[in-house]
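Below: one structure, written as C-alpha coordinates.
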Amino acid sequence: MKLQTIQVALINYEKDGVADVLGSKEYPIENNKIPKELVQSFVTKKEVTTERVFGKLTTILKYELQNGFTGVESTSCVDEKNYSEEIGEKILLKKLEDKIWFGLGFALGMAK
(Lines give C-alpha, C1' and ligand atoms only; values in the text may rest on other atoms or scores of the structure.)
Protein backbone atom coordinates (compact mmCIF):
# COMPACT_ATOMS: atom_id res chain seq x y z
CA MET A 1 0.00 0.00 0.00
CA LYS A 2 1.32 3.42 -0.96
CA LEU A 3 1.91 5.77 1.96
CA GLN A 4 -0.15 8.95 1.68
CA THR A 5 1.11 12.24 3.07
CA ILE A 6 -0.13 15.79 3.42
CA GLN A 7 2.55 18.43 3.17
CA VAL A 8 1.92 21.71 4.97
CA ALA A 9 3.85 24.84 4.12
CA LEU A 10 4.87 26.95 7.12
CA ILE A 11 4.42 30.56 6.05
CA ASN A 12 4.93 33.81 7.92
CA TYR A 13 2.70 36.60 6.59
CA GLU A 14 4.04 40.13 7.08
CA LYS A 15 1.72 43.12 7.56
CA ASP A 16 2.64 44.43 4.09
CA GLY A 17 1.31 41.23 2.54
CA VAL A 18 4.70 39.63 1.89
CA ALA A 19 4.81 35.90 2.61
CA ASP A 20 8.00 34.31 3.92
CA VAL A 21 8.08 30.52 3.49
CA LEU A 22 9.71 29.08 6.60
CA GLY A 23 9.71 25.49 5.40
CA SER A 24 7.26 22.65 5.36
CA LYS A 25 6.22 19.65 7.36
CA GLU A 26 4.96 16.38 6.02
CA TYR A 27 2.34 14.34 7.87
CA PRO A 28 1.69 10.68 7.14
CA ILE A 29 -1.89 9.75 6.32
CA GLU A 30 -2.95 6.18 7.01
CA ASN A 31 -6.26 4.74 5.83
CA ASN A 32 -7.39 8.18 4.62
CA LYS A 33 -7.46 9.50 8.20
CA ILE A 34 -6.21 12.96 9.13
CA PRO A 35 -4.09 12.71 12.33
CA LYS A 36 -5.15 14.83 15.30
CA GLU A 37 -1.58 16.17 15.57
CA LEU A 38 -1.99 17.78 12.14
CA VAL A 39 -5.30 19.39 13.09
CA GLN A 40 -3.90 20.81 16.33
CA SER A 41 -0.74 22.09 14.65
CA PHE A 42 -2.76 24.43 12.43
CA VAL A 43 -3.62 26.71 15.37
CA THR A 44 -0.68 29.08 15.86
CA LYS A 45 -2.28 31.59 18.24
CA LYS A 46 -5.32 31.54 20.48
CA GLU A 47 -6.79 33.89 23.04
CA VAL A 48 -9.71 33.04 25.31
CA THR A 49 -11.60 35.74 27.18
CA THR A 50 -14.88 36.21 28.98
CA GLU A 51 -17.04 39.15 27.92
CA ARG A 52 -20.59 40.27 28.39
CA VAL A 53 -22.47 40.09 25.11
CA PHE A 54 -26.01 41.44 25.24
CA GLY A 55 -25.87 41.07 29.00
CA LYS A 56 -24.81 37.40 29.00
CA LEU A 57 -21.44 36.00 30.09
CA THR A 58 -19.82 34.71 26.93
CA THR A 59 -16.59 32.84 26.26
CA ILE A 60 -14.77 34.24 23.22
CA LEU A 61 -12.02 32.37 21.33
CA LYS A 62 -9.89 34.40 18.92
CA TYR A 63 -7.47 32.34 16.85
CA GLU A 64 -4.96 32.41 14.04
CA LEU A 65 -4.10 29.48 11.79
CA GLN A 66 -0.82 28.60 10.08
CA ASN A 67 -2.03 30.11 6.82
CA GLY A 68 -2.71 33.51 8.44
CA PHE A 69 -6.49 33.02 8.62
CA THR A 70 -7.99 34.53 11.76
CA GLY A 71 -11.36 33.84 13.30
CA VAL A 72 -13.59 34.22 16.33
CA GLU A 73 -15.85 31.66 18.00
CA SER A 74 -18.13 32.21 20.98
CA THR A 75 -20.39 30.33 23.36
CA SER A 76 -22.63 31.41 26.19
CA CYS A 77 -24.92 29.92 28.81
CA VAL A 78 -28.55 30.48 29.67
CA ASP A 79 -27.96 30.80 33.43
CA GLU A 80 -24.85 32.55 34.79
CA LYS A 81 -24.80 30.14 37.74
CA ASN A 82 -23.75 27.50 35.22
CA TYR A 83 -21.09 29.63 33.48
CA SER A 84 -17.57 28.22 33.21
CA GLU A 85 -14.87 29.73 31.00
CA GLU A 86 -13.03 26.39 31.15
CA ILE A 87 -16.03 24.48 29.75
CA GLY A 88 -16.62 27.22 27.17
CA GLU A 89 -13.00 27.00 26.03
CA LYS A 90 -13.24 23.21 25.60
CA ILE A 91 -16.41 23.61 23.52
CA LEU A 92 -14.84 26.31 21.33
CA LEU A 93 -11.58 24.43 20.76
CA LYS A 94 -13.62 21.38 19.69
CA LYS A 95 -15.62 23.55 17.26
CA LEU A 96 -12.37 24.93 15.83
CA GLU A 97 -10.81 21.47 15.50
CA ASP A 98 -13.95 20.26 13.68
CA LYS A 99 -13.65 23.13 11.18
CA ILE A 100 -9.99 22.39 10.52
CA TRP A 101 -10.72 18.66 10.20
CA PHE A 102 -13.43 19.44 7.66
CA GLY A 103 -11.05 21.55 5.55
CA LEU A 104 -8.26 18.98 5.66
CA GLY A 105 -10.68 16.18 4.86
CA PHE A 106 -11.90 18.17 1.87
CA ALA A 107 -8.30 18.66 0.68
CA LEU A 108 -7.53 14.97 1.17
CA GLY A 109 -10.63 14.03 -0.81
CA MET A 110 -9.66 16.37 -3.65
CA ALA A 111 -6.18 14.81 -3.83
CA LYS A 112 -7.63 11.44 -4.88
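Helical runs assigned H by DSSP (4 residues or longer) give the chain a calculated mean residue ellipticity at 222 nm of -10000 deg cm²/dmol, each run adding -39500 (n - 2.57) before division by the residue total. The gain in end-to-end length when the residue 19 to residue 48 segment is fully stretched comes to 7.7 nm, 0.36 nm per residue minus the alpha carbon separation.
Quick one: with all protein chains in place, what share of the accessible area of the stretch 1-58 is carbon or sulfur, to the nearest percent (1.4 Å probe)? Don't skip to the answer; put the middle values down first.
Values: 2310 of 4490 Å².
Carbon and sulfur together cover 51 percent of it.
Compare the Cα positions of 21, 93, 3 along the charge dipole of the chain (+1 at Cβ of Lys, Arg; -1 at Cβ of Asp, Glu; about the Cα centre) and return the one farthest towards the positive end. Among 21, 93, 3, the one farthest towards the positive end of the dipole of the chain is 3.
Please report, in debye to the nearest 20, how large the charge dipole of the chain is about its Cα centre when each Lys and Arg carries +1 at its beta carbon and each Asp and Glu carries -1 there.
Details: 16 positive and 17 negative charges, 74 e Å.
Dipole size: approximately 360 debye.
Determine the per residue accessible area of the chain with all protein chains present and a 1.4 angstrom probe, expressed in square angstrom. Walk me through the numbers on the way to the answer.
Details: 7980 Å² over 112 residues.
Computed with neighbouring chains in place, this is 71 Å² per residue.
Going by average Cβ neighbours within 10 Å, how do the peptides 8-21, 77-90, 52-65 rank, with the highest at the top?
Peptide ranking by packing, descending: 52-65, 77-90, 8-21.
Rounded to two decimals, what is Rg over Rh for the chain when you use alpha-carbon atoms and the Kirkwood radius? Write out the running numbers ahead of the final one.
Working: Rg = 17.2 Å, Rh = 16.1 Å.
Over the Cα atoms of the chain, Rg/Rh equals 1.07.
Along the axis of the charge dipole computed for the chain (Cβ charges of +1 for Lys and Arg, -1 for Asp and Glu, origin at the Cα centre), the listed residues 102, 76, 63 are led at the positive end by 102. Computed from Cα atoms, the angle from the helix 85-111 axis to the main principal axis of the chain rounds to 30 degrees. Contact order, relative form, for the chain: 19 percent (alpha carbon pairs under 8 Å, 6 or more residues apart, mean separation divided by residue count).
The values are calculated or read from the model by the stated rules, or taken from the named source; none is laboratory data. Being a predicted model, the structure only gives us computed values, none of them experimental. Note that we place each Cβ from the backbone using ideal geometry, even for glycine, and neighbour counts take in every protein chain shown. The protein model used for the area step is the full one, side chains on, heavy atoms only, and it has no ligands, DNA or RNA in it. Shrake-Rupley method; radii C 1.70, N 1.55, O 1.52, S 1.80 Å.
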